[in-house]
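The structure under discussion appears below in the form of structure tokens.
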Amino acid sequence: MAEQPVLSIRNLKTYFYLEEQIVKAVDGVSLDVYKGRITALVGGSGSGKSVMSLSIFNLVDQPGKIIGGEIWLNGVNLRTLSEKQLLKIRGKEIAMIFQDPTSSLNPVLKVKKHLAEVIRTHQKGIGKKEALRMFRDVLSRVGLKNTDQILESYPFELSGGMCQRVMVAMGLLAQAHVLIADEPTSSLDLTTQAAILEELTRLKKEGMAIVLITHDLGVVAQMADDVYVIKDGKIVDSGTVYQVFEAPKHDYTRSLLEAIF
Ligand SMILES: Nc1ncnc2c1ncn2[C@@H]1O[C@H](COP(=O)(O)OP(=O)(O)O)[C@@H](O)[C@H]1O
Ligand SMILES: [Mg+2]
């Protein structure tokens, strides 16, 4: 591929220093993510997918620590930036949908405030009326009805699945260059799942680079262009979706494939 990757991760290591042992959750991961493509990071439970996405945003908490590697976003190594500089990039250039939406929304802010915050930092100069129209639009695009009621709700008044959809809506609104979606449909019903996957495909066609984190190879087959298979914090297989599905290099990929086909 001639084009430069938008996001390029090199030899990233994130370890958890527990009393009795060191858990090498991410252990030397390298991957490249391109504009207008969906890159899937697939692996079983506990393989390091969520720690990987949190690491990109430098949101790994104690006793976890990023101990090495580089995270290049459009030619800037995020690991060399201050927290203040990172704040400007998070949500704007690189948007995120976390696996646990209840903990990623602020409990004291209404949905409307969450969305307003996205616009405030990234699309200055939008009037109140226009903003409201945009909020209703993104909420209905992720399959939420009664949008006016939801705008006035606090996260605890919504179900986990609804919170997840609000996170997706925030990602859509941010119009980021890169979207990292950690199991974005895991707690949703099939219809909503399909709607969100369709949205991701639309964003990809608009040129967004998407990292789709999932344990579901069916979703990978349907959605992904490029695939990385992660096991015990290490990439064990990678390539285009055709390469990985047609000629899996690792037994682990084969076992994942056998489980669905
Ligand atoms: N806060 C934590 N403290 C200790 N170990 C953790 C913590 N968070 C994650 N881990 C460990 O890191 C590994 C990867 O976890 P995770 O990235 O959440 O997996 P998944 O692929 O299911 O998203 C697992 O072994 C998990 O137990
Ligand atoms: Mg996870």
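The values are calculated or read from the model by the stated rules, or taken from the named source; none is laboratory data. Fair warning: this is a prediction, and the values are worked out from it, not measured in the lab. Backbone-built Cβ (ideal geometry, glycine too); neighbour counts: all protein chains shown. Ligands, DNA and RNA are excluded from the accessible area calculation, which covers all protein heavy atoms including side chains. Shrake-Rupley method; radii C 1.70, N 1.55, O 1.52, S 1.80 Å.
Taking 20 °C and 1.002 mPa s as conditions, the range 119-224 diffuses translationally at an estimated 148 µm²/s according to Stokes-Einstein applied to its Kirkwood radius (Cα pairs).
The phi-based Karplus calculation (6.51 cos²θ - 1.76 cosθ + 1.60; θ = phi - 60°) puts the 3J(HN,Hα) values of the range 239-249 at x, 6, 4, 5, 4, 5, 7, 6, 9, x, 8 Hz, whole numbers, x for Gly and Pro. From its DSSP helices (H runs of at least four residues, each -39,500 (n - 2.57)), the chain gives a residue-normalised ellipticity at 222 nm of -11500 deg cm²/dmol.
Positive end of the dipole of the range 103-189 (Cβ unit charges, origin at the Cα centre): among L132, Q175, T185, the Cα lying farthest that way belongs to L132. What the Cβ-Cβ distance of A194 and T80 gives, at R0 = 41 Å and to the nearest 0.05, is a FRET efficiency of 0.55.
Between G239 and V227, the built amide H atoms are under 5 Å apart, and every one of these is 5 or more places off in sequence or on another chain. Restricting attention to the chain, close to 55% of DSSP beta bridges with both partner residues there are antiparallel. Put simply, the chain fits an ellipsoid with semi-axes of 29, 21, 18 Å; these come from the alpha carbon gyration tensor as the roots of five times its eigenvalues, largest first.
Around the amide H of K234, modelled in the peptide plane, lie the amide H atoms of D27, all under 5 Å away and 5 or more residues distant in sequence or on another chain. Against the main long axis of the alpha-carbon atoms of the chain, helix 128-141 sits at an angle near 50°. For E70, project a label point 7 Å along Cα to C-beta. Then give me every residue of the range 37-56 with its amide nitrogen under 18 Å of that point. Under 18 Å, as judged by backbone N against the label point of E70, lie 56 of the range 37-56. For the set H177, H250, the ranking by accessible area, highest first and with no ligand, DNA or RNA atoms included, is H177, H250 under a 1.4 Å probe. Taking every alpha-carbon pair in the range 100-175 and binning the separations at 5 Å intervals from zero gives 3, 18, 32, 27, 15, 4, 0 percent. Note on K128: aspartates and glutamates with a C-alpha under 17 Å away, same-chain residues under 8 apart excluded, are E117, D137, D148, E152. If you put +1 on each Lys and Arg Cβ and -1 on each Asp and Glu Cβ, how big is the dipole of the range 117-248 around its Cα centre, in Debye rounded to 20? The calculation lands at about 620 debye.
Using a probe of 1.4 angstrom and keeping all protein chains present, the accessible surface of the chain works out to 50 square angstrom per residue.
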